[in-house]
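Okay, structure first, notes after.
The values are calculated or read from the model by the stated rules, or taken from the named source; none is laboratory data. Not measured: the values here are computed from a predicted model. Methodologically, a virtual Cβ is constructed for each residue, glycine included, from the backbone with ideal geometry; neighbour enumeration extends over all protein chains shown. All accessible areas refer to the heavy atoms of the entire protein, side chains included, with ligands and DNA or RNA removed. Shrake-Rupley method; radii C 1.70, N 1.55, O 1.52, S 1.80 Å.
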Amino acid sequence: MAFSQTLGRTSTSPCSLCAQPAFTRVRPSLVSTLRRSTRRPRVLSSRSRVEANLDPGTTLAVTQQCGSFIFTILGEAAFTRSQLPAGAKGRPPLLPTISAAAAFAATVALLNLAGPDGAKAGLALGTATSAGLIALYLKRALDTEGDPSAWPGPKAWPASLILVSFFSVNICFQALLKALDPVVLDNVPPLN
């Protein structure tokens, strides 16, 4: 007899290991549940647009990068301003530096506290601020007078901060692209 024919029947011969019948009757509710789970769900539309917020890993990465960049630009400005005399070329300007730090703080706040639209605005603000800092640090690097006897030289801080600003532009812009791109799911089953 085939297995499918004996599945619903009960045998009278006991099992040699546990002294219970070899086949037990399968409850009809279990069989109907198995049949229901193998059916294909109905589809109301062929394509559905679902707008998703950023995943927690991306939010954490942008928060860490922008948060640490706040301390980096403020620390560098304080250190360089204490080393260079007033009026020296390449001295960090105070107002743009504090404004950039405030913009990065707003980026972090919008990203973590606002909804999806606020996160997009925060990431756009972070991208624009980072691009502006690249221009500011490039101007500082070009304005700073080089001293051949000093190593790494007075242009090291602005030049290295150009690189850090470039990384900040990349992370904010890539997260912004991820936030702007809605997830498109094909054949989404209806919610029951």
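For the reader, a short list of remarks on this structure follows.
- Å² per residue, accessible surface of the stretch 85-152 at 1.4 Å: 53
- Working ranking of peptides 104-111, 133-140 by packing, defined as the average number of other Cβ atoms within 10 Å per residue, highest first, is 104-111, 133-140.
- Across the stretch 65-169 the C-alpha pair distances fall into 5 Å bins from zero in the proportions 2, 13, 23, 23, 15, 10, 6, 4, 2, 1, 0 percent.
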